[in-house]
Structures are given as structure tokens and as C-alpha cells.
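Quick notes on the structure that follows.
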Amino acid sequence: AYFAGRIAGDQAEVVFPAPPDVDPAMWMPGPATVKDFQDADLILLNGANYAKWISRVSLPQLRIVDTSRAFADLYLQVEQSASHNHGPGGEHSHSGAAFTTWLDPGQALQQAEAIASALARKRPAAKQQFVTNLESLKSDLLALDERLARITAKAAGEPMLASHPVYHYLARRYGLDLESLMWEPHEIPDEVQWAALAQLLKEHPAKRMLWEAEPAPESVERLRGLGVESIVFDPGGNRPATGDFLTVMESNAANLEDVFQ
């Protein structure tokens, strides 16, 4: 949605209907919202089985754009993981294709290019505007990539943890040695989870852990007692309350800088 807004400018109304308190990857739109999708001029999908609800409804195939199709052969697979809950989205599992494709800025750029091409086909008279706006977005994404590469170079080969299995493309792009847990930022892990972590740290002696959102202070302190520092790295699936996708990613980079420096 952010890429579409940046590229389309005043040539399109970009609608992102998922509510802010639900993970869009696990969201199911109601009948009225499905009708809005069916009536749209373009339906932009992330791909990699991100919007699982599309398998349950009928959408006009000629208006669908799978923005990550160009690198579908590079999708990573998540090993079978236990089902769990976070937010109103209900119980779910992260197994299957890893879907946070945009956490590799190079892949994100390919998704933006797919959007620009789709817009140009729909409105050829505005193609130059779309190209110009895409170049501006490309500059920002490449700058983000360069910044993240510079920061994470200090962590090459270093064992790290992640609160959820959502950072696969980030890890592949920057060579991070990540092991994923199934912890919720707003919940205090139980003793079984702490015991499992202690066992994991024997084999994977991580000193840093990525969280999707600000973790509970009790979790931060107990992790610190184990020699593990917490880092918030918001995957950016939802529209933020303030700012936009790019400011979220810049904040993530700043959080990494704070810890690695």
C-alpha cells in the first residue's frame, strides 16, 4: 500500500482495509470489503501466500497483481511451527512460504517495480509520473539497504534470536544467523518457554534478540540477565499510527545501530 501510494501519487486512491489491531497476514475481510476488492481497478497482493483469505473468495484474476511473482523461485520455506495466537486474528501457524518478502529491500524494490508496471498498464498517459515516483522510492529503498548492510556487517555469523519466524528474508539478505521463537511482545513467557530458551542458548549462544514490537519490561530484564539484549524491529505489515513504512524501517535501523554500536 505504501509503495502504491508513493508511485501512483494523485492518479489513484490506494485503500488498505486491514484494521490496525490485526496482523494483515492473518486477517479475513468481511463481505462488504471483499466486494470492494472485487470492484477495484487493481488488486495488489504481496504474494508468498501472505493474504491467505484470497483462496476463500472469487476475485477478478485479470486485475490481480502478485507483486512478488518475479522472485517466487526465491521464496523461503518456514519449517512446521506450533500454532499460536496473537491479536484478534485467531490461532495460526507460520509454516509454509515465508511471506515478509519486503524485509529484503532488493525484493521490496522488485515489488515496487511490479506495482509501477501495473499502474502504467492501467493508466498509460501517466506512465512518466509513475516512473519518476518509482525512481524516488528506489533511491529510498537502496539507501535503506545500504544502511542495514553497514550496520549488520558487524553481526556477520553472530548467533541471534527472533521473537517470531518473520525475519527470514532479512536474515538471508544480511547474513544473519537467526533462530526464531514463538514469543509475543506483550506477553511474559512462561517457565516452559524460559527453559526452552536456556536449552537453545547452549547450542545457539545469542547476545541479541529481534522483537516485532516493544517487549514487556519483565522480558527485557530477564533476557538481559541471560546476556541477551532486545531490539525492536517492526516488520511493517500494518500502517503505523504515525509516519509510514519508510519511517518504520528507519526506526528499525536506528534500533539496530543503538545495540550494535
Report task. Kindly establish whether Glu179 is charged (D, E, K, R), open to solvent by less than 40 Å² (accessible area, probe 1.4 Å) and closer than 25 Å to Met26 by Cβ. Result -> no
Requested in this report: Check whether at least one residue in region 216-224 is open to solvent by 30 Å² or more (accessible area, probe 1.4 Å), touching a residue at least 24 places away in the same chain (Cβ under 8 Å), more than 14 Å from Leu170 (Cβ to Cβ) and small (Gly, Ala, Ser), and report yes or no.
Outcome: no
Report summary line: Restricted to region 247-261 and to residues being out of contact with any helix residue (DSSP H, G or I) (no Cβ under 6 Å at 6 or more places or on another chain) and aliphatic (A, V, I, L, M), the residue nearest to Met160 (Cα to Cα) is Val259
Report task. Answer with yes or no whether Pro165 is touching a Phe, Trp or Tyr at 6+ places or on another chain (Cβ under 8 Å), of a type outside the set (A, V, I, L, M) and not in a helix (DSSP H, G or I). Result -> no
**Report entry** Meets criteria (part of a helix (DSSP H, G or I) and more than 14 Å from Tyr2 (Cβ to Cβ)) for Glu218
**Finding:** yes
**Report entry** Candidates Leu144, Leu119, Leu148 - the one that is open to solvent by less than 60 Å² (accessible area, probe 1.4 Å), in contact (Cβ under 8 Å) with a residue 40 or more places away in the chain and farther than 17 Å from Phe233 by Cα
**Finding:** Leu119
Query - Top-ranked residue of region 225-253 - restricted to ones that are surrounded by 15 or more Cβ atoms within 10 Å (Cβ to Cβ) and among the small types (Gly, Ala, Ser), ranked as farthest from Trp102 (Cα to Cα) - result: Ser230
Requested in this report: Find the residue count for region 153-164, including only residues that are modelled with pLDDT under 95 and open to solvent by 10 Å² or more (accessible area, probe 1.4 Å).
Outcome: 5
Requested in this report: Please specify each residue of region 225-237 satisfying the condition of being touching a residue at least 60 places away in the same chain (Cβ under 8 Å) and touching a strand residue (DSSP E or B) at 6+ places or on another chain (Cβ under 6 Å).
Outcome: Val228, Phe233
Query raised in the report: Condition test on Leu256, is it part of a helix (DSSP H, G or I) and either among the polar types (S, T, N, Q) or buried (at least 17 other Cβ atoms within 10 Å of the Cβ) (or both)?
Result: yes
Report summary line: Asp21: passes all of (1) in contact with a Pro (Cβ under 7 Å, 6 or more places away or on another chain); (2) within 30 Å of Ser139 (Cβ to Cβ); (3) open to solvent by 60 Å² or more (accessible area, probe 1.4 Å) but (2)
Query raised in the report: Name the pairs whose Cβ atoms lie under 8 Å apart, with the first residue in region 61-82 and closer than 14 Å to Trp102 by Cβ, the second modelled with pLDDT under 95, and 6 or more positions between them or separate chains?
Result: Tyr75/Ala97; Leu76/Ala97
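The values are calculated or read from the model by the stated rules, or taken from the named source; none is laboratory data. Keep in mind that this is a model prediction, so the values were computed, not measured. Positions of Cβ are backbone-derived with ideal geometry, glycine not excepted, and every protein chain shown enters the neighbour counts. Note: areas computed on protein heavy atoms with side chains; ligands, DNA, RNA excluded. Shrake-Rupley method; radii C 1.70, N 1.55, O 1.52, S 1.80 Å.
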